[in-house]
Amino acid sequence: MAVELIKIGELAKRSGVPIATLKHYLREGLIAPAKKTGRTMAYYDAALADRVRSIKDLQRERYLSLDLIKQTTAASTIAHDDLTAAEAIASVLAKNGGTRTRTRDELIARGVSARQLDWLAAARLAAPDATGAYRGDDLALLAVLGEARTSGISPRMLPFEILGEYLAALRALVEIELRMFRTGVVGNAAPAEIPTLTEAATRLSERLVVLLRRKLLLPTLHTILEETTHVATRPAPTPAPRRVRREHRPRRAR
């Protein structure tokens, strides 16, 4: 059966998503053309309309970020199983995130600085949704940061920007986890099993990460203390003896 190829305008019409949004999906690597006939001309598989609608639904109804959608789907193929897994992950996150919401003005009135909100948005850690409200894990993250300050952990003790280091380390962990999940679970499970397996794997992975971190805390602290003590007690190197330069005197004429 021949693949039906359509232009981006027709794809926008069939998916109900504006052309500007489709171009954004293209830049983010969420969709890809089936055939390019020029620098600015391309054709798309008509079946891609279903994928585009799914991506939009994940954003609008599940509050799933494009980063997470991209990590759990392959742009080069129309992977229904991947989208099903992404929906299941979003469902777990939504259930755990609670129903409370806060606007930017409300957060600032509660002591969160505008600079922190801007930094979190730029890092894609916490940002308001289409209605302008913070919710779910974004709001939970802000609550944890607020608890740290009210507990007496000042910005001088724990600078806000250190979240960047956390983010870099955890992003590597999440990428490994999702690659393993797509290969091991999505690649071998029956389509009907994917939602249940995804929800179970998402819950279990969160518990596993917490437990492994707790197991590593004391051993890692001991290693750091041993390294610090070793450096502090290492004897200073003995300086080499200084060579005394003899003053050069001109020879006397015989």
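The values are calculated or read from the model by the stated rules, or taken from the named source; none is laboratory data. Model, not experiment: these values are computed from the prediction. When we count neighbours, we look across all protein chains shown, and the Cβ atoms used for this are built from the backbone with ideal geometry, even at glycine. In case anyone asks, the SASA skips ligands and DNA or RNA and just uses the protein heavy atoms, side chains included. Shrake-Rupley method; radii C 1.70, N 1.55, O 1.52, S 1.80 Å.
Annotations
- Residue match in the stretch 151-163 (condition: in contact (Cβ under 8 Å) with a residue 24 or more places away in the chain and open to solvent by less than 70 Å² (accessible area, probe 1.4 Å)): yes
- Filtering ARG179, ARG156, ARG171, ARG149 for residues that are assigned to a loop (DSSP other than H, G, I, E, B) and at pLDDT below 85 leaves a single hit, ARG156.
- If you go through the stretch 97-139 and keep only what is of a type in the set (Ser, Thr, Tyr) and closer than 26 Å to LYS56 by Cβ, you end up with THR99, THR101, THR103, THR131, TYR134.
- Residues in the stretch 31-44 that are open to solvent by 40 Å² or more (accessible area, probe 1.4 Å) and in a strand (DSSP E or B): LYS35, LYS36, TYR43.
Residues are listed down the side, and each one gets a yes or a no for (1) in contact with a Cys (Cβ under 7 Å, 6 or more places away or on another chain); (2) farther than 19 Å from PRO191 by Cβ; (3) at pLDDT 70 or above:
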| residue | (1), (2), (3) |
| --- | --- |
| GLN59 | no, yes, yes |
| GLN71 | no, yes, no |
| ALA75 | no, yes, no |
| LEU83 | no, no, no |
| ALA94 | no, yes, no |
| THR99 | no, yes, yes |
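- Here LEU11 meets each of (1) at pLDDT 90 or above; (2) in a loop (DSSP other than H, G, I, E, B) with one exception, condition (2).
- Residue that is farthest from ALA85 (Cα to Cα), among those in the stretch 177-192 that are under 26 Å from the mean Cα position of the chain (by Cα) and surrounded by fewer than 10 Cβ atoms within 10 Å (Cβ to Cβ): ASN188
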